[in-house]
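What follows is a set of notes on a single structure, which appears directly below.
Here, each number is a calculation from the coordinates, and none is a lab measurement. Quantities reported herein were computed from a predicted structural model and do not represent experimental measurements. For neighbour counting, all protein chains shown are included, and Cβ atoms are generated from backbone atoms with ideal geometry for every residue, glycine included.
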Amino acid sequence: MPTPFPTVFVSHGSPTLILEDSPGRAFLAGLGERLGRPSAVLAVSAHWTTPEPAVSSAARPETVHDFYGFPRALFEMRYPAPGAPELAERVLGLLQAQGIAGSADPEQGLDHGAWVPLKLMYPEADIPVAQLSVMPRHDAADHVALGRALAPLRDEGVLILGSGGAVHNLRDFRFGATGTAPWADAFARWLDATLMAGDVEGIARWTERCPEARVAHPTDEHFLPLPVALGAAGPIPRAERLHDGFEHGSIGMQAYAFHAG
C-alpha cells in the first residue's frame, strides 16, 4: 500500500511568483521533496469555479494562462504533466458514494492555481494531475464535506493539493509593498489559531467567526480550497504549519499540511 499523504493547502500568490526570488517561491520549490512523490495529484484550484463539483478528465491537459498583463515569460511557460482520467473517475465514485453529484470535464486544463505551484514542486511534470473545482455558491461547510468524501485517496498515494490564498484581497494589492496590513495580519493569526486548535467548525463558519474575514476575502474562491484539504484529512484533522508570511503587503502565503488525527 502507498504511504498515506497529508492533504495540503498552499497559497499560490501572484502568477509572477514563479518568476520572483521570494520566500514563497523558495518554499514551494522545496515542498515536493519534503512531501515525497505521490502516485497522482488532485489539485483543488481557486481559479476553477463551477456551480457543482467538477473534475478534469483530460488525458493531456493544456496549460491554461488564465491571466493578462503579466510578463511574456509567464505565457511561454508550460506544465506538460499527464492527466489522470482514472483518478477523475475515482473522485466521482467517491462523491457519489456520499450523495454528492459531480461531473467530469474532458476540456479543462491546468489553470495557474494548479500549474504554478506544481511546476515549482514537481518540475519534471511526470506525475498525473487532475483538477477539482470549487463552488462559490456553496459554503465552506459543503467544501469540508466534499473533502471528507475524498479522504480515501490519501491511502491510495494521491496528494490532495488545495491551492488558493490564505489572505486574498486584490483591491488592496500593492506590488512590492513592504509591511503587512493590520487586517491581513489579524485574519492570518485567526486562521492559524483556528487550524492549530483543530477547529473544523470554526473554518466551516469562518465568515461568522472572524471580523476580518470579508476584508481578507471579499470573495470566497481563494479560501475554499482550504476546507476541502482540511476535510480530506478526516473528521479529526491535525494541522501542521508549513509556511508563513506575506508578499506585496497583503497577499498571504501561509501553507498547511493536514494529517489524520
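Determine the pairs where a residue that is buried (at least 19 other Cβ atoms within 10 Å of the Cβ), located within region 81-95, has a partner that is basic (Lys, Arg) with Cβ atoms under 7 Å apart, the partner being 6 or more residues away or on another chain.
Filtered contacts from region 81-95: Gly83/Arg60.
Being without any contact (Cβ under 8 Å) to a residue 60 or more places away in the chain, of a type in the set (Ser, Thr, Tyr) and farther than 15 Å from Gly157 by Cα: is that true of Thr16 here?
It is true that Thr16 is without any contact (Cβ under 8 Å) to a residue 60 or more places away in the chain, of a type in the set (Ser, Thr, Tyr) and farther than 15 Å from Gly157 by Cα.
Return yes when Glu156 is closer than 28 Å to Val64 by Cα, free of Cβ contacts under 8 Å to residues at least 12 places away in the same chain and of a type outside the set (Val, Ile, Thr) and no when it is not.
no
In region 98-109, which residues are of a type outside the set (S, T, N, Q) and either touching a Cys at 6+ places or on another chain (Cβ under 6 Å) or more than 12 Å from Ala145 (Cα to Cα) (or both)?
Across region 98-109, the qualifying residues are Ala101, Gly102, Ala104, Asp105, Pro106, Glu107, Gly109.
Does region 52-79 hold any residues that are in contact with a Lys or Arg (Cβ under 8 Å, 6 or more places away or on another chain) and surrounded by fewer than 17 Cβ atoms within 10 Å (Cβ to Cβ), and which are they?
Met77 - this is the single residue of region 52-79 that is in contact with a Lys or Arg (Cβ under 8 Å, 6 or more places away or on another chain) and surrounded by fewer than 17 Cβ atoms within 10 Å (Cβ to Cβ).
Could you list, in sequence order, all residues of region 192-202 that are surrounded by 14 or more Cβ atoms within 10 Å (Cβ to Cβ) and in contact with a strand residue (DSSP E or B) (Cβ under 8 Å, 6 or more places away or on another chain)?
Listed by number, the residues that qualify are Asp192, Leu195, Gly198, Val200.
I want to confirm something. Restricting to region 245-259 and keeping residues that are farther than 16 Å from Met196 by Cβ and among the aliphatic types (A, V, I, L, M), which single residue is nearest to the chain's Cα centre (by Cα)?
Met253
Please specify each residue of region 203-261 satisfying the condition of being surrounded by fewer than 23 Cβ atoms within 10 Å (Cβ to Cβ), within 18 Å of His12 (Cβ to Cβ) and aliphatic (A, V, I, L, M).
Leu242, Ala257, listed by residue number.
Which of the residues spanning region 99-117 are in a loop (DSSP other than H, G, I, E, B) and surrounded by 13 or more Cβ atoms within 10 Å (Cβ to Cβ)?
Selection gives Ile100, Gly102, Gln108, Gly109, Asp111.
Can you tell me which condition Val91 does not meet? The list is (1) part of a helix (DSSP H, G or I); (2) of a type outside the set (Lys, Arg); (3) farther than 20 Å from Phe9 by Cα, and all the others hold.
Single failed check for Val91: (3).
Can you tell me how many residues within region 233-258 are without any contact (Cβ under 8 Å) to a residue 60 or more places away in the chain and in a loop (DSSP other than H, G, I, E, B)?
Qualifying residue count for the region: 2.
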